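The values are calculated or read from the model by the stated rules, or taken from the named source; none is laboratory data. What you are looking at is a predicted structure, and each value in this text was computed from that prediction instead of being measured. No Cβ is skipped: glycine too gets one built from the backbone with ideal geometry, and neighbour counts run over all protein chains shown.
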């Protein structure tokens, strides 16, 4: 039964990323009216509802059961019900399941209504002290270093701040790989956003990598914001001079990494030029 004053449809409801008070009044209203709330973990969502005195039917919806749970939700939507989609924390679909369900709704011409709210991506970006006019959200990087570096190479010349999510145990290694590929860019590492031990540490990528390598993995969820690519005023002649010196006794890869870190130039450009110099008969 659709509650009075609210039309049936799929409502994408942002939930708090830490502090339970960080949910909108409209979000609470929809959750209280929903015929069913689709959530990643019913236990997590049940706790949030209990804090706000709400009791509604819950059904699990996550990447492992989406193929079975999705069609059932579509049927309920076709019957005119209010279905609220939430994630365990933050805005659904941002590194969370839900994309396939949205696509299915659109194919069936069913209403999809966003209820904006908490997002670790935006929260970390706005406190980073780095440019916010343009940014690229890259989600989680691969867990293995070689694959991580390959992916990072795709981001070297993006003219905006880069936002990553990362596990605490891989933080130091990921920052070191970022420093090697992206150069010594200004960076902010935020953890436990909106929680009691919220912290944002700022510095260059290499400085932060060294800090967390020595301090060990921090506690809590981690969001990394890396400053945008800017073309440094390094001439071709200066680049060649640096590379010739770096190539003495080093591999092409190590020389390129060293010069990239020293200049902040895109690693792809530096590596390509290093290969050319190495192959040159001169």
Output the number of residues of segment 152-184 satisfying the condition of being surrounded by 15 or more Cβ atoms within 10 Å (Cβ to Cβ) and farther than 19 Å from residue 204 by Cα. 0
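Out of contact with any helix residue (DSSP H, G or I) (no Cβ under 8 Å at 6 or more places or on another chain), buried (at least 18 other Cβ atoms within 10 Å of the Cβ) and closer than 30 Å to residue 20 by Cα: does that describe residue 130?
Working: out of contact with any helix residue (DSSP H, G or I) (no Cβ under 8 Å at 6 or more places or on another chain): yes; buried (at least 18 other Cβ atoms within 10 Å of the Cβ): yes; closer than 30 Å to residue 20 by Cα: yes.
Yes, satisfied.
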Condition set out of contact with any strand residue (DSSP E or B) (no Cβ under 6 Å at 6 or more places or on another chain) and at pLDDT 95 or above, scope segment 196-209, selection surrounded by the fewest Cβ atoms within 10 Å (Cβ to Cβ): answer is 198
So, residue 260, is that one outside any loop (DSSP other than H, G, I, E, B) and modelled with pLDDT of 95 or more or not? no
Assuming residue 152 fulfils every condition listed in (1) touching a residue at least 12 places away in the same chain (Cβ under 8 Å); (2) closer than 17 Å to residue 222 by Cα; (3) under 14 Å from the mean Cα position of the chain (by Cα) apart from one, which condition is it? (2)
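Out of 252, 244, I need the residue that is closer than 23 Å to residue 176 by Cα and touching a helix residue (DSSP H, G or I) at 6+ places or on another chain (Cβ under 8 Å). Which one?
252
Consider residue 144 carefully, then state whether it is surrounded by fewer than 18 Cβ atoms within 10 Å (Cβ to Cβ) and out of contact with any strand residue (DSSP E or B) (no Cβ under 9 Å at 6 or more places or on another chain). Walk me through how you get there before you give the answer.
Working: surrounded by fewer than 18 Cβ atoms within 10 Å (Cβ to Cβ): yes; out of contact with any strand residue (DSSP E or B) (no Cβ under 9 Å at 6 or more places or on another chain): yes.
So residue 144 fits the description; yes.
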